[in-house]
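What follows is one structure encoded as structure tokens, with my remarks underneath.
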Amino acid sequence: QVQLVESGGGLVQAGGSLRLSCEASRSTFMINTMGWYRQAPGKQREMVATISSGGTTNYADSVKGRFTISRDNGKNTVYLQMNSLKPEDTAVYYCNAVRVAFRTGWGQGTQVTVSS
């Protein structure tokens, strides 16, 4: 089973920035297309951004132009740079493989809170 450890969340004012990190315990897991997801209170988990093993990226419309996903396969780590944060970005953020068949569970996530 792969362990995923997300970090970098916190409390920030609207307009601020945060950089999230997600480290996987197994390097072989990083051959997958990876994604960042978020879940706000009372809402379903949603995809925020994805990145393929070759570096192709995709973003939810709500974060385009503000968030940047990247990866360092040598460090088994995926990053999410979040700029111009808005109160509606408040959520617990998770990372995982995009393909459900490759997932072995979810990490604890990292809380992002954006104050207005």
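The values are calculated or read from the model by the stated rules, or taken from the named source; none is laboratory data. From a predicted model like this one, the values you see are computed outputs, not experimental measurements. Cβ placement follows ideal geometry from the backbone for every residue including glycine, while neighbour counts extend to all protein chains displayed. The accessibility values were calculated without ligands, DNA or RNA, using every heavy atom of the protein model including side chains. Shrake-Rupley method; radii C 1.70, N 1.55, O 1.52, S 1.80 Å.
Key figures for this structure:
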read-out: Overall dimensions of segment 44-112 as given by Cα atoms, namely Rg and Dmax in Å; value: 12.3, 34
read-out: Sequence of Ile31, Ile51 when ordered by accessible area, the most exposed leading, probe 1.4 angstrom; value: Ile31, Ile51
read-out: Translational diffusion of the chain, µm² s⁻¹ [Kirkwood Rh, Cα pairs; Stokes-Einstein; 4 °C; 1.567 mPa s]; value: 93
read-out: Asp72, Asp61, Asp89, reordered so the largest accessible area comes first (probe 1.4 Å); value: Asp61, Asp72, Asp89
read-out: For the chain, accessible area per residue (1.4 Å probe, heavy atoms of protein chains only), Å²; value: 52
read-out: Inter-probe distance in nm under a simple model that places probes 7 Å from Cα toward Cβ, at Ile31 and Gln108; value: 3.1
read-out: Straight-distance crosslink candidates among lysines, where the alpha carbon sits under 19 Å from Lys64 and sequence neighbours closer than 8 are dropped; value: Lys86
read-out: Extension gain (nm, one decimal) between Arg19 and Glu88, 0.36 nm per residue minus Cα-Cα; value: 23.1 nm
read-out: Cα→Cβ-extended label distance, 7 Å offset, between Arg45 and Leu11, nm; value: 2.7
read-out: Within the chain: Cβ-based charge dipole about Cα centre, in debye rounded to nearest 20 (Lys, Arg +1; Asp, Glu -1); value: 140
read-out: Estimated translational D of segment 1-56 in µm²/s (Stokes, Kirkwood radius over Cα pairs; 4 °C; 1.567 mPa s); value: 98
read-out: Rounded percent of accessible protein surface that carbon and sulfur make up, the chain, 1.4 Å probe; value: 47
read-out: Beta bridges per DSSP with both ends in the chain, % antiparallel, nearest 5; value: 90
